[in-house]
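Peer 1: Sharing a structure below in structure tokens format, with a few things to ask.
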Amino acid sequence: MTRKFFGTDGIRGRANTAPMTADLALRLGQAAGRYFRRDGGSAVHRVVIGKDTRLSGYMFETALTAGLTSAGMNVLLLGPVPTPAVGLLTPSMRADLGIMISASHNPAEDNGIKFFGPDGFKLSDAAEIEIEALMEAGVDPAPASGIGRAQRIDDGRFRYVERVKSTFPQGMRLDGLKIVVDCANGAAYRAAPEVLWELGADVVALGTAPDGANINAGCGSTQPQAAAEAVVAQGADVGICLDGDADRIVLIDETGTVADGDQLMALMAARWAEEGRLADGTLVATVMSNLGLERFLAGRGLRLERTRVGDRYVVEAMRAGGWTLGGEQSGHIVMTDHATTGDGLMAGLQFLAEMVRSGQPASRLARQFEPVPQLLRNVRYATGQAPLEAAAVRDAIAAAEARLTGQGRLLIRPSGTEPLIRVMAEAEDEALMAEVVAEVVAAVEHAA
């Protein structure tokens with residue numbers, strides 16, 4: 001069954017425009033409440049709700065709370081916290097459900113809703129389909145005597161900060177390191193600087209003045225230029241850029257050079273393998289990760305397990321295979337020994353720990369392998385269209401794949417969070433790569 005509302009990471013779209021409306025959030029809360037109260041008994045059921053700093057977060061928080069309490073769920077409101085905090089606090093607070101209100105790295109005008117189960121892991125596709133079915137069918141409200149309660153939880157951020165610090169090696173400190181941290185005016189605008197300062201770093205904090213409209217605007221992991229300039233200007237040792245909900249990271253070395261998630265995963269996988277912590281010698285990453293990462297791992301007798309795009313699919317593969325480390329090139333890094341989803345701050349601490357342990361500069365540690373040239377183009381299309389189904393597009397893709405045979409690879413996929421077709425190619429021959437991408441993009445644009 002095809003999902004109507006849910007994408008690769010919850011429901012996402014322009015706030016106050018279908019599907020991301022207060023009405024949808026209300027019905028979603030009712031359906032989710034009914035789904036997690038299928039026992040029909042009188043047991044207390046809880047849901048924790050976190051959000052980032054978008055203005056529309058207030059609207060969706062209120063609508064979800066109304067729907068959930070009407071279904072008999074007690075709601076615990078965390079306020080602005082990183083997405084991984086919801087994953088951690090859901091089982092800690094013995095909740096049946098965790099909800100994060102965020103559109104991650106998207107602009108402030110967008111918002112999204114994603115669910116975590118009682119174990120702290122994101123819900124499966126099957127569970128989301130069942131919740132959608134309940135939304136469509138309608139849900140009978142709880143009797144007046146069974147309406148749930150809602151209350152604010154004031155120490156959610158502090159609980160998360162302590163959990164994050166516990167992942168840093170015991171007894172190790174960050175004394176002497178000057179760190180620029182860009183919080184994207186998002187969910188970690190207080191937690192990230194606190195963690196680094198409490199561990200002893202000299203912290204230069206950017207993106208810590210959210211106003212409801214400036215999340216991810218000219219800052220954060222998708223726009224790291226300001227942080228890179230600050231690293232150089234401040235003479236910092238390293239920069240850490242988080243996105244709006246702090247579940248992804250990009251690193252900046254002391255020269256201002258940006259390193260993506262593939263480089264961080266390479267460093268962590270090699271180090272964990274040496275320490276016997278890399279389960280089955282396997283790193284899990286998506287089809288978007290660079291071929292250079294795969295070659296790097298193979299050269300050390302390690303293996304790369306690829307999944308479809310989306311950190312939830314990385315986590316599903318990790319749980320199924322019993323693997324402990326995975327992530328995405330975009331900067332989602334998942335360590336199932338410590339967290340249930342990607343955590344940019346935890347991943348950053350792993351890199352900082354290696355800087356302290358090895359005494360090597362960020363520029364040395366953040367360049368573990370030479371990437372194979374890779375080109376990614378995004379093509380926007382109107383909602384309701386299906387450009388990949390056009391015969392001309394299929395022909396262009398087939399022709400491009402034929403040209404790259406034995407020389408590289410081509411990956412075409414629709415975004416799970418935006419109306420975009422992503423066209424990516426890898427090849428040692430950069431001229432050939434640019435040509436095939438341009439040809440496919442032109443065909444998609446014509447069909448769109």
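Peer 1: Go through Ser104, Gly87, Phe116 and say which Cα lies farthest out towards the positive end of the charge dipole of region 71-131; charges sit on Cβ, +1 for Lys and Arg, -1 for Asp and Glu.
Peer 2: Gly87
Peer 1: Right, next: Can you give the charge dipole size of region 251-322 about its Cα centre, rounded to the nearest 20 debye, using +1 on the beta carbon of Lys and Arg and -1 on the beta carbon of Asp and Glu?
Peer 2: Roughly 300 debye, rounded to the nearest 20.
Peer 1: While we're looking at this one, here's another question. Any idea of the accessible area per residue across region 239-355, 1.4 Å probe, to the nearest Å²?
Peer 2: Here the residues of region 239-355 average 27 Å² of exposed surface.
Peer 1: Which of Pro19, Pro82, Pro193 moves the most in a Gaussian network model of the chain with Cα springs under 10 Å?
Peer 2: Looking only at Pro19, Pro82, Pro193, the largest GNM fluctuation is found for Pro19.
Peer 1: Considering only protein heavy atoms, what is the solvent-accessible area of Thr405 at a probe of 1.4 Å, reported in Å² to the nearest 10?
Peer 2: 100 Å²
Peer 1: Just want the answer: with Cβ charges of +1 for Lys and Arg and -1 for Asp and Glu, which residue in Ile153, Leu177, Trp323 is farthest toward the dipole's positive end in the chain?
Peer 2: Ile153
Peer 1: While we're here: Of the DSSP beta bridges with both residues in the chain, give the percent that are antiparallel, rounding to the nearest 5.
Peer 2: The answer is about 50 percent antiparallel.
Peer 1: If you don't mind, there's one more thing I want to ask. Direction-averaged shadow area of the convex hull around the Cα atoms of the chain, nm²?
Peer 2: If you wrap the Cα atoms of the chain in a convex hull and average its projections, you get 21.3 nm².
Peer 1: Limiting things to C-alpha atoms, what are the Rg and the maximum Cα-Cα separation (Dmax) for region 248-326, in angstroms?
Peer 2: Over region 248-326's Cα set, Rg and Dmax evaluate to 12.5, 40 Å.
Peer 1: I'd like to know how region 73-211 sits against the 2.2 N^0.38 Å rule of thumb: what's its Cα Rg over that expected value?
Peer 2: Taking N as the residue count of region 73-211, the ratio is 1.26.
Peer 1: Dipole of the chain, Cα-centred, from +1 at each Lys and Arg C-beta and -1 at each Asp and Glu C-beta, to the nearest 20 debye?
Peer 2: 1000 debye
Peer 1: What do you get for Rg/Rh over region 249-292 if you use C-alpha atoms and the Kirkwood form of Rh?
Peer 2: 1.03
Peer 1: Using a 10 angstrom cutoff on alpha carbons, build the Gaussian network for the chain and name the most mobile of Ala269, Ala71, Ala213.
Peer 2: Evaluated over the chain, the most mobile residue of the options is Ala213.
Peer 1: Follow-up. Normalised by the residues of the chain, what does the relative contact order come to in percent, with Cα pairs under 8 Å and at least six apart?
Peer 2: With pairs under 8 Å counted, the relative contact order is 13 percent.
Peer 1: For region 165-302, compute the orientation-averaged projected area of the C-alpha convex hull (one quarter of its surface), in nm².
Peer 2: Averaged projected hull area, Cα only: 9.3 nm².
Peer 1: Ignoring everything except DSSP H segments at least 4 long, calculate the 222 nm mean residue ellipticity for the chain; use -39,500 (n - 2.57) per segment, divide by total residues, nearest 500.
Peer 2: Rounded to the nearest 500, the figure is -11500 deg cm²/dmol.
Peer 1: Kirkwood hydrodynamic radius of region 1-88 from all distinct Cα pairs, in Å?
Peer 2: Result for region 1-88 stands at 13.8 Å.
Peer 1: What is the distance in Å between the Cα centres of region 111-176 and region 307-361?
Peer 2: 20 Å
Peer 1: In the full protein assembly as shown, how much of Ser330 is accessible to a 1.4 Å probe, in Å² to the nearest 10?
Peer 2: Probe radius 1.4 Å; accessible area of Ser330 about 40 Å².
Peer 1: Could I ask something else about it? If Trp197, Trp323 are ordered by their accessible area, calculated over protein heavy atoms with a 1.4 Å probe, which sequence runs from highest to lowest?
Peer 2: Of Trp197, Trp323, the descending order of accessible area is Trp197, Trp323.
The values are calculated or read from the model by the stated rules, or taken from the named source; none is laboratory data. Just so it is clear, the model here is predicted, and its values are computed rather than measured. Please note: Cβ atoms are built from the backbone with ideal geometry, for glycine as well, and neighbour counts cover all protein chains shown. To get the accessible areas, we keep the full protein, side chains included, count just its heavy atoms, and leave off ligands, DNA and RNA. Shrake-Rupley method; radii C 1.70, N 1.55, O 1.52, S 1.80 Å.
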